[in-house]
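Notes to accompany the following structure.
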Amino acid sequence: MPAKQCQRVAIRIGTERIDEQAERIEEYQRASLPEQQHGKPADAPQNDWSGRVAVIEGDGGRVQIRDELWGKEKSGEKKHRWWRETQCGVLQTYLSKPSVEDPHPEVPDALTDPLWAIPKFNEIHRQQSSSEQSDEAAPEITEPGSTRTIDEPDCQESIAAKVASKSEHSRWSGGDPLVKTVIATRRGYDHLGLALATEAYHRGFNQATSKAFLGDGLKVNWSLWSRHFSHYTPITDLMHALSYVYSAAVACGATIEDGWLLYLQWLTWVWSGEVDQVIEAMKVLAAGRQPALEPLDRAITYLKNNTSRMKYNQYRCAGLPITTSLVESTQKQVNRRVKGTEKFWRDEHLEPLLQLVADDLSDTHDREDFWERRRKTFNGFRKRRAKT
């Protein structure tokens, strides 16, 4: 089949799936508020929620969009950027094992290993930087005892040591994942919140006794939580919080080694849910410092804004996950199809494709059922949308 025909078919099928989603959202919005937050439809899965937890996570991605300036003369004053944000959400059920005492009070080895932790923090900082300045590289964080950045080429011995170090780590997990549903869109966080709330309603998440909503420190994530999921436990992603803690520690240390030791101390407090101690320690270091250290001030602000959502010891006792690794990895899977320096999209073409990618990544999308519904309703005429 020619590429252009494949494109038209994909857009057509994706648009039909978007229409089905719109119908589900309209049905959800017609329900009363108590029904939306505590009820479920007749066709919802009849799950036994004992030993299970319902989790919703949100994240943002980036794609290049052909906007109204495409094909026009470029202004010499300021370079035009084509990068725009996409939104991604995941609904996941986990096996949950609540306990009276913290099941993992010790900090995982991975978080105390610079060969494992620093590349993770570098990746988070690059993502944060790209959302603010798409043309400039994010500052890299260096390893203790090194004057090189972590992304520069390593010798074969260092690579082997890194691989061996990773394989030795015993990582803590909030539970084994069960069933996943993915929502991907370019229509903004308001639409993402409605789509997630609708899917949670149809999956019977309201009947779960243990529910959690996870996100990074982005303000819009917690606006979605307060609007649609206030009856869920809010949790700020651990790794994003630690990236701020580490940056502040390195900035305060006279050497990289001093900064690493300071990070290890603050890490212990964060892991134990004692975020107030970290904030107070940072305030002492920031007091009277001229000029002010930007990484330190940013870390204090971030931790103060998210303290109520960083009780990680309590979340582990409740059997809840404490990282957004699931939605982060899902966003990367979406990016494989839509993100690239040489990929440019029109919004009307991208949205149907995002829907198809989300369907492909979801465990709950029944392709055979969709094609059967389509066969029964197909009348030989194409549905054309009115131009706006």
Which order do peptides 52-62, 94-104, 262-272 fall in by mean Cβ count within 10 Å, highest first? 52-62, 262-272, 94-104
Taking the highest mean first, how do the peptides 327-337, 231-241 order by number of other beta carbon atoms within 10 angstrom per residue? 231-241, 327-337
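Could you calculate the contour length gain from residue 1 to residue 374, that is, 0.36 nm times the residue separation minus the distance between their Cα atoms, to one decimal place in nm?
132.1 nm
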Mind running the shape call on the stretch 1-98? Use the C-alpha gyration tensor, a ≥ b ≥ c as the square roots of the eigenvalues: rounded below 1.5 for a/c, prolate if a/b tops b/c, oblate otherwise. prolate
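Throughout, read-outs are computed from the coordinates displayed, never taken from laboratory work. None of the values given here were measured: they were computed from a predicted structure. Note: ideal-geometry Cβ built from the backbone for every residue, glycine included; neighbour counts use all protein chains shown.
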